[in-house]
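The structure follows.
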Amino acid sequence: MLSTRRLGQQGLEVPAIGLGCMGMSYAYGASDEAESVRVMERAMELGCQFFDTAEVYGPYENERLLGRVLKGRRDKVVIATKFGFRFENGVVTGADSRPSHIREVVDASLARLGTDHIDLLYQHRVDPNVPIEEVAGTVGDLVKAGKVLYFGLSEAGERTIRRAHAVHPVSALQSEYSLWHRDIEASILPCLRELGIGLVPFAPLGRGFLTGTARRAEDFPQGDSRRTSDPRLQGENFDANMQLAKALASQADRIGATPAQLALAWLLSRGDDIVPIPGTRRVSRLEENLAAASLRIDADVARALDARFGAGATTGSRYKETAMMALLADPA
């Protein structure tokens, strides 16, 4: 069984590694629902009872899938989901964190998930048109009503985090953090630790790049967002970043681990307030990932990784420029 960690100072305890469910219904092309169900069931058997979803994954289908799997065993899992988008005909058309919309989304998510409460509710992206104080206050009201237990932010900037936390305690920030994306270390991670907020890294394996199975963008199948959305996988960027993947694989081989296990163990070693949520659609990958919780890396390996994967080591931005404004946002 996995050990547990605490996210924030409000009492939220979760397994040291969670399960990102997005890819089971969204972003990476067609999936096998039966295998996804087996992944979730095996995760629960192994003590990985922290499942991460969102209304946008599908949209809506991932929450429905999770609700079907958890029917009759809701109490065995900590559920995290997210609000913050506006949809038209199933397509995201912008941010929407108006208080009335938040309340509507929460009621809809509760119905899809088949539960009376959400354990951890994130604002998925900062809405520049709604003061974060209004967002935090609305979630605080939902906490008082018992529909939500803990409040989280995703891809928020330092000033936004501080403003939200001053209104209602933030238990966790979800942002991309891994060996090949360490931007939050400069100011956001120190802010979280000052305020006592946990960190939930998404894409802790670089959307598969750090697993030893890296592919060029154009080699992903149609329907997989990595074909177009991640410049790090394209052209000369891919060639340069493959050197990082090879360096990780070399270090992993030295200690008898897989690259994915070493990448996750490195994250876990960064602090007890960090809980990565690698996603997978295969039981074998799930088992491989969770084994990282028992992997200990010595000082020599840690130094070698830090030296090779320092700031600026990765080539290329993580999203197309058109998407960057919504990330790590600190609107006025």
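Semi-axes of the equivalent ellipsoid of the chain: what are they in whole Å, largest first, if each equals the square root of 5 times a C-alpha gyration tensor eigenvalue?
Details: eigenvalues 168, 96, 87 Å².
Ellipsoid half-lengths, sorted descending, are 29, 22, 21 Å.
Kirkwood hydrodynamic radius of region 115-181 from all distinct Cα pairs, in Å?
It is 12.3 Å.
Another question, then. Excluding residues fewer than 8 places away in the same chain, name every one of the aspartates and glutamates whose C-alpha is closer than 16 Å to that of Lys144.
List returned: Asp107, Asp116, Asp119, Glu134.
Using the alpha carbons of region 1-68, what is the convex hull volume per residue in cubic angstrom, as a whole number? Write down the numbers at each step before the final one.
Details: hull volume 6.4 nm³, N = 68.
Per residue, the Cα convex hull of region 1-68 comes to 94 Å³.
Can you list the residues, at least 5 places off or on another chain, whose amide H is less than 5 Å from the amide H of Phe202, using H built in the peptide plane?
For Phe202, the qualifying residues are Ser175, Glu176, Tyr177.
Return the long-range amide H neighbours of Arg5 (sequence gap of 5 or more, or a different chain), with a cut-off of under 5 Å between placed amide H atoms.
Val14, Ala16
Determine ³J(HN,Hα), in whole Hz, for all residues of region 169-178 in sequence, where each value follows from phi through the Karplus function 6.51 cos²θ - 1.76 cosθ + 1.60 and θ = phi - 60°; x replaces Gly and Pro.
x, 8, 8, 8, 10, 9, 8, 5, 7, 6
Restricting to Cα pairs below 8 Å that are 6+ residues apart, what does the relative contact order work out to for region 52-120? Please round to a whole percent. All intermediate terms of the calculation are to be shown ahead of the outcome.
On the way: 79 pairs, mean separation 26.3, N = 69.
Contact order relative to length: 38 percent.
Counting other beta carbons within 10 Å of each residue's own, what order do Leu2, Leu233 fall into, fewest first?
Values: Leu2 18, Leu233 24.
Taking fewest neighbouring Cβ atoms as first place, the list is Leu2, Leu233.
Moving to a separate point now. With the contact rule set at Cα under 8 Å and sequence spacing of 6 or more, what percent relative contact order holds for region 57-183?
Values: 181 pairs, mean separation 27.9, N = 127.
After rounding, I find 22 percent.
How large is ³J(HN,Hα) for each residue in region 266-277, as worked out from phi by the Karplus curve 6.51 cos²θ - 1.76 cosθ + 1.60 (θ = phi - 60°), to whole Hz, x for Gly and Pro?
Taking θ as phi minus 60°, the curve returns 4, 4, 4, 6, 6, x, 6, 9, 10, 10, x, 10 Hz for region 266-277.
Would you please calculate the Kirkwood hydrodynamic radius of region 31-147 over all C-alpha pairs and express it in Å, rounded to one decimal? Walk me through the numbers on the way to the answer.
On the way: mean 1/r = 0.0674 Å⁻¹.
Over region 31-147, the inverse of the mean reciprocal pair distance is 14.8 Å.
Okay, next question. Check each of the trypsin sites (Lys or Arg not before Pro) in region 16-100 and keep only those in coil by DSSP with at most 16 other C-beta atoms within 10 angstrom; list them in order.
On the way: sites: Arg38, Arg42, Arg64, Arg68, Lys71, Arg73, Arg74, Lys76, Lys82, Arg86; in loops: Lys71, Arg73.
In loop regions of region 16-100 (DSSP not H, G, I, E or B), the sparsely surrounded trypsin sites (Lys or Arg not before Pro) are Lys71, Arg73.
Have a look at the DSSP beta bridges in the chain and tell me what percent are antiparallel, nearest 5.
Numbers: 10 of 36 bridges.
The antiparallel fraction comes to roughly 30 percent.
Let me ask something else. Between region 216-289 and region 1-47, what's the alpha-carbon centroid distance in Å?
If you average the Cα positions of each part, the centres end up 17 Å apart.
Spelling out what I want: for every residue of region 114-119, take phi, set θ = phi - 60°, compute 6.51 cos²θ - 1.76 cosθ + 1.60 (Karplus), and round to whole Hz; glycine and proline get x.
x, 9, 9, 7, 9, 5
Given H placed 1.01 Å from N in the peptide plane, which residues other than close sequence neighbours of Tyr28 have an amide H under 5 Å from its amide H?
Ser225
Values quoted throughout were computed directly from the atomic coordinates according to the rules given, and no laboratory measurement underlies them. The model shown is predicted, which means the values in this text are computed figures rather than measured ones. Counting neighbours? That spans all protein chains shown, and the Cβs are built from the backbone with ideal geometry, glycine included.
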